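Have a look at the structure below before the remarks.
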Amino acid sequence: MAASSIVFLGPPNSGKGTQAARLASRLGIPAISTGEMLRGAVAAGSELGDRVKDVMNQGLLVSDELMAEVIEDRLGQADAESGFLLDGYPRTLPQVATLDSIMERRGSAIDHVVLIDVPQKVLEARAHKRFIELGRKDDRPEVVIERLEQYRIKTEPLVNHYRERGLLREIDGDQSMEAVEAAIAEAVGA
Ligand code: AMP
């Protein structure tokens, strides 16, 4: 059986990154985090890094055009040939269209879209805790608020879109990490 192609959706601080990595290793497919790729580019001081640094520091989204280049390039690599897990892409409706056309060219399709659902109050509490503990630059309160706002305006419409296509697997993210992991595995038949 061909490996799955899976998309993870969820607001910042939903635990999405951790769960994406766990499921990908369970399935033996690469976990592709666009946020990590971009942070890596910034840290390396590459041309891509220079282009995205300011936008990222403000909690805003990188342009769909630039992200299309990033994702085309990454999905074209050998390790993603038979399946992959996307963490952080797509984040806008135009990005959904880009991904659809990539999949069409591959003669394939997305199998599951996993949504990690966490109440707003819990997200805020988690962000606050992380800010105190790590002092991460993009965890400054005003940036956290902006990232949540971007999620609500630009990414949340994807939830209904994928629900209508019958691909959405909704997971209660307000449980222990182990319980969330088990629920996801069951939802995608892993
Ligand atoms: P993340 O770690 O997924 O929250 O991503 C960190 C930051 O990278 C985001 O706040 C955006 O600035 C940028 N980013 C990552 N993925 C995308 C994407 N698919 N579209 C636009 N910007 C993105």
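Just so it is clear, none of the values below were taken in a lab; they were calculated from the coordinates. None of these values were measured; they are calculated from a predicted model. Because the Cβ atoms are built from the backbone with ideal geometry, glycine has one as well, and the counts that use them run over all protein chains shown.
Legend: helices of the chain (whole DSSP H runs) are marked when their alpha-carbon atoms reach 18 angstrom or more along the helix axis and their mean Kyte-Doolittle hydropathy is at least -1.0; marked are 93-106, 120-134.
The charge dipole of the chain, taken about its Cα centre with unit charges on the Cβ of Lys, Arg, Asp and Glu (plus for the first two, minus for the last two), comes to roughly 300 debye. Using a simple spin-label model with pseudo-atoms 7 Å out from Cα toward Cβ, residue 142 and residue 44 lie 3.2 nm apart. Centre-to-centre, using Cα atoms only, region 116-189 and region 1-29 are separated by 13 Å. Stokes-Einstein at 20 °C, 1.002 mPa s, Kirkwood radius from Cα pairs: D for the chain in µm² s⁻¹? The calculation lands on 126 µm²/s. Evaluating kT/(6 pi eta Rh) at 20 °C and 1.002 mPa s, with the Kirkwood radius of region 1-89 over Cα pairs in the Stokes-Einstein relation, gives 155 µm² s⁻¹. Ranking of 84, 8 by neighbouring Cβ atoms within 10 Å, starting from the fewest: 84, 8.
Lysine pairs in the chain 8 or more apart or on different chains: how many have alpha carbons under 19 angstrom apart? For the chain, the number of qualifying lysine pairs is 6. Placing unit charges on each Cβ (+1 for Lys and Arg, -1 for Asp and Glu) gives region 1-99 a dipole about its Cα centre, and among 37, 8, 49 the Cα reaching farthest toward its positive end belongs to 8.
Over region 49-91, the hull volume per residue, using the convex hull of the C-alpha atoms, is 82 Å³. Using only Cα coordinates, the Kirkwood hydrodynamic radius of region 113-190 works out to 14.1 Å. What residue among 166, 107, 187 has its Cα farthest toward the positive end of the dipole of the chain, where the charges are +1 on Lys, Arg and -1 on Asp, Glu, each on the Cβ? Checked the options; the winner is 187.
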